[in-house]
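Just below is one structure, and these are the notes that go with it.
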Amino acid sequence: MSAWGIGRQSGAGSLAGGNTGLKPYVDRVVQWIPADVIALFMFGISVLKTQHPDPNPSLALLAGGLVVAPILVVLGARSRHRLDRKDGLLAVLSVPAFAIWSLAVPESGWHRIQWVAANPGWIVIITAAAALVFTGLAKIATDKM
């Protein structure tokens, strides 16, 4: 189920943003991320946070999500049809989309960065702005292909 929009239907929208007011902005970004990556990322954070002592695997999971997202996009597209330039573009777009979405997820690797952890208000503003700019540019880019 690696396809655009499936992440939103599979419940990822409820994971993104929590009570920060980011949900409408982050929901726009979720459509560009394979649902499998969202599910694995959230599953990984949830499972590893139960271990004692807490291994704090967030940075590894964040890096893994950034690498796996475009791979799953290409594999998902290849399973449906012969790859074309638009598939490559969608794979590339999945990386910043995942980065923006994961910034709104508690316990993500971003929150291990001191400035991010110390400035939640700025993170809300940055995430919302990044989501708006990204989704606008991504739509323009994909509509031209």
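The values are calculated or read from the model by the stated rules, or taken from the named source; none is laboratory data. Since we're looking at a predicted model, the values are computed, not measured. Reconstructed Cβ throughout: ideal geometry from the backbone, glycine too, with neighbour counts over all protein chains shown.
Among the residues in segment 104-112, are any within 13 Å of the chain's Cα centre (by Cα), surrounded by fewer than 17 Cβ atoms within 10 Å (Cβ to Cβ) and over 15 Å from residue 28 (Cα atoms)? Before the answer, list the steps.
If we filter segment 104-112 for residues that are within 13 Å of the chain's Cα centre (by Cα), which is where we start, we get 104-106, 108-110.
Now restrict to residues that are surrounded by fewer than 17 Cβ atoms within 10 Å (Cβ to Cβ): 106.
Subset that is over 15 Å from residue 28 (Cα atoms): 106.
Yes, the conditions are met somewhere in segment 104-112.
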Among the candidates 124, 73, residue that is crowded, with 20+ Cβ neighbours inside 10 Å and of a type in the set (Val, Ile, Thr): 73
Among the listed residues 90, 75, 61, 40, identify the single one that is more than 14 Å from the chain's Cα centre (by Cα) and either part of a helix (DSSP H, G or I) or aliphatic (A, V, I, L, M) (or both). 75
Does residue 52 count as modelled with pLDDT under 90, touching an Asp or Glu at 6+ places or on another chain (Cβ under 9 Å) and farther than 22 Å from residue 131 by Cα? no
Counting just the residues of segment 34-79 that are touching a residue at least 12 places away in the same chain (Cβ under 8 Å) and of a type in the set (D, E, K, R), which one comes out farthest from residue 107 (Cα to Cα)? 36
Would you confirm whether or not segment 78-101 contains a residue that is surrounded by 15 or more Cβ atoms within 10 Å (Cβ to Cβ), acidic (Asp, Glu) and within 21 Å of residue 27 (Cβ to Cβ)? no
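Considering each residue of segment 93-138, count those that are among the small types (Gly, Ala, Ser) and not in a helix (DSSP H, G or I), and give that number.
Within segment 93-138, the subset among the small types (Gly, Ala, Ser) is 94, 97, 99, 102, 104, 108-109, 117-118, 121, 128-131, 136, 138.
After this cut, where a residue has to be not in a helix (DSSP H, G or I) as well, the list is 104, 108.
Number of matching residues: 2.
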Taking the residues in segment 85-109 that are in contact (Cβ under 8 Å) with a residue 60 or more places away in the chain and among the charged types (D, E, K, R) as candidates, determine which candidate is farthest from residue 134 (Cα to Cα). 107
